[in-house]
2 protein chains.
Amino acid sequence: MSITYREVKADLLRQITQGELAPGSSMPNEVDLAASYGCARATVNRAMRELADDGIIERRRKAGTRVRLNPIRQVRLNIPIVGQEIEELGAAYRYALVHGQAEPAPNWLRARMALKRDDRVLHLTCMHYADGAPYQHEDRWINLDALPEAEQHDFSDIGPNEWLVSTVPFTEAQISFHAVQADATIADYLDCTEGDALFQAERMTWLEGQTITFVQLTYRRGHRLTMQY
Amino acid sequence: MSITYREVKADLLRQITQGELAPGSSMPNEVDLAASYGCARATVNRAMRELADDGIIERRRKAGTRVRLNPIRQVRLNIPIVGQEIEELGAAYRYALVHGQAEPAPNWLRARMALKRDDRVLHLTCMHYADGAPYQHEDRWINLDALPEAEQHDFSDIGPNEWLVSTVPFTEAQISFHAVQADATIADYLDCTEGDALFQAERMTWLEGQTITFVQLTYRRGHRLTMQY
DNA sequence: TTACGCCTTATGTCTATATCTTTTGAGAAA
DNA sequence: TTTCTCAAAAGATATAGACATAAGGCGTAA
């Protein structure tokens, strides 16, 4: 077969990184590139589309394609289920339900999850262990108005995250990462000192506009979220 | 025109999210789908390729395409330059160089950056302010063996990050996020209390296998990294 | 000078067809 | 029964040609 779109992409990227195509400069159009590579325009198109997708180049109809002055640095972050995360570390995963209770939503949560006045929530507290040591503390609230079957479900064996993923798999979500100081309770659960700086993720999940769940995931001391790009 | 790949993608996604195509079930092959949508196979291919890219479906040659049991949750994280980050918040950006000195690499850094015995580094300490308030503390080391021109450069007006991006734009990098406790120095810079939990990013950057720079970015108290998916 | 509108151009997308590659599963051989 | 080999299936990708769409820029009118 003739030249592949991967080869075209690699060659263009080489020209860019080696300075043959300077940042800010405009590139030849697809027709000319196709001619010079001796391939079809669609092949060049796919190569350039992916480079644009990677944030290396910028494309505009009629204006043409140019090398970005400041390439967009982006990473793809996979959000794993904690059990998988731990098993990928090569550690044994254990889950424990600490506490589970249906209750009226407290005011701060009502506001945060945009719940109605009388909505009830299922409040779950769980722990996730890697090789017996505390790994993550999970504090979760599930909107019982949106997901009444959660109240009947027994969360002592499988975690709420896994249950939710299999029950309402295709949801919208917002995730945020930040640092928190361990309070006495969390310090106890995660076997660290009160006041320790801990990495925490918060996630809110919606299905068709309705808030399904809000969760705070607090990681053991020293946890890092690492990515390549 | 006939049906677009976006419409095919949207329709397939609708079928998946509404349960017409259950998680784990296999989808019709490209030829059949193209026939049923009344479009070319390439159109269906692009739609399905993007769905696979989004982690919704799983494709394997000969085995066919199936809806993922556990859809991969992934987000794209843009790594902005701090100045842009602050200006996008609608705040005024100010940069200050606190300290800059060329020195032999300390042992811990030599190990971390994989430097040779006698390599020297440029150690820069900078502050980034949003509307006059401390936003981010930057502690950076630049490998002078790889980038000798850094020693001659004056970093009092533009930050090292911006200079590096314009000098060696296309690099490989690893970034990691975690939580740290503020020590006395950082607390002073970021106007917080010693012991406060702070969000920190560490980034190591390579160009063609050679370590260029290592940086620790410590954010003001309460900083959050937020993403939608 | 300024504003509007058309023309041209580069990218975006679709079609129809063909070939390549990977992988599964069936059948043959041990 | 187990292992090996091979053909078929399905996705991956290439091609040539066509039309769609956005937008830069020029010409004309106000």
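Any chance region B:72-89 includes a residue that's farther than 23 Å from residue A:175 by Cβ and of a type outside the set (Gly, Ala, Ser)? Yes; the residues of region B:72-89 include at least one that is farther than 23 Å from residue A:175 by Cβ and of a type outside the set (Gly, Ala, Ser). Under the condition of being away from DNA strand D (no atom under 11 Å from the Cβ), away from chain B (no Cβ under 14 Å) and assigned to a helix (DSSP H, G or I), the residues counted in region A:1-29 number 1. Remark: pairs (first residue in region A:197-208, modelled with pLDDT under 95; second residue among the aliphatic types (A, V, I, L, M); Cβ separation under 6 Å; 6+ apart in sequence or on different chains) = A:207/A:168. Scan region B:36-92 for residues that are open to solvent by less than 60 Å² (accessible area, probe 1.4 Å), within 30 Å of residue B:219 (Cβ to Cβ) and either near DNA strand C (Cβ under 10 Å from one of its atoms) or not aliphatic (A, V, I, L, M) (or both) and the total you get is 6. Filtered by the rule that a residue be of a type outside the set (A, V, I, L, M) and away from every other protein chain (no Cβ under 14 Å), region B:42-70 gives B:59, B:60, B:61, B:62, B:64, B:65. Going through (1) in a helix (DSSP H, G or I); (2) of a type in the set (Asp, Glu); (3) within 13 Å of DNA strand D (Cβ to nearest atom) one by one, residue B:85 falls short only on (3). Does region B:107-114 contain any residue that is more than 14 Å from chain A (Cβ to nearest Cβ), open to solvent by less than 60 Å² (accessible area, probe 1.4 Å), in contact with a Phe, Trp or Tyr (Cβ under 8 Å, 6 or more places away or on another chain) and more than 16 Å from DNA strand C (Cβ to nearest atom)? The answer is yes, given that some residue of region B:107-114 is more than 14 Å from chain A (Cβ to nearest Cβ), open to solvent by less than 60 Å² (accessible area, probe 1.4 Å), in contact with a Phe, Trp or Tyr (Cβ under 8 Å, 6 or more places away or on another chain) and more than 16 Å from DNA strand C (Cβ to nearest atom). Taking region A:209-229 as the range and being among the β-branched types (Val, Ile, Thr) and surrounded by fewer than 17 Cβ atoms within 10 Å (Cβ to Cβ) as the test, only A:226 passes.
One residue is enough: does region A:122-136 have a residue meeting the conditions within 14 Å of chain B (Cβ to nearest Cβ) and within 20 Å of residue A:160 (Cβ to Cβ)?
Within region A:122-136, one or more residues are within 14 Å of chain B (Cβ to nearest Cβ) and within 20 Å of residue A:160 (Cβ to Cβ).
The set of residues from region B:199-229 being within 9 Å of chain A (Cβ to nearest Cβ), in a loop (DSSP other than H, G, I, E, B) and closer than 21 Å to residue B:133 by Cα comprises B:221, B:222, B:223, B:224. Considered as a group, the residues in region B:143-165 that are within 14 Å of chain A (Cβ to nearest Cβ) and assigned to a loop (DSSP other than H, G, I, E, B) include one that is least open to solvent (accessible area, probe 1.4 Å), and that residue is B:159. For residue B:194, state whether it is touching a residue at least 12 places away in the same chain (Cβ under 8 Å) and within 10 Å of chain A (Cβ to nearest Cβ). No; evaluated as a whole, the condition is false for this residue. Residues of region B:92-142 that are assigned to a strand (DSSP E or B) and among the small types (Gly, Ala, Ser): B:96, B:100, B:102, B:130, B:133. Of the candidates B:21, B:33, the single residue that is in contact (Cβ under 8 Å) with a residue 24 or more places away in the chain, more than 7 Å from DNA strand C (Cβ to nearest atom) and within 34 Å of the chain's Cα centre (by Cα) is B:21.
The values are calculated or read from the model by the stated rules, or taken from the named source; none is laboratory data. All values reported here derive from a predicted model rather than from experimental measurement. Ideal geometry is used to build each Cβ from the backbone, glycine not excepted, and the neighbour counts take in all protein chains shown. Surface areas here come from the heavy atoms of the whole protein model, side chains and all, with no ligands, DNA or RNA. Shrake-Rupley method; radii C 1.70, N 1.55, O 1.52, S 1.80 Å.
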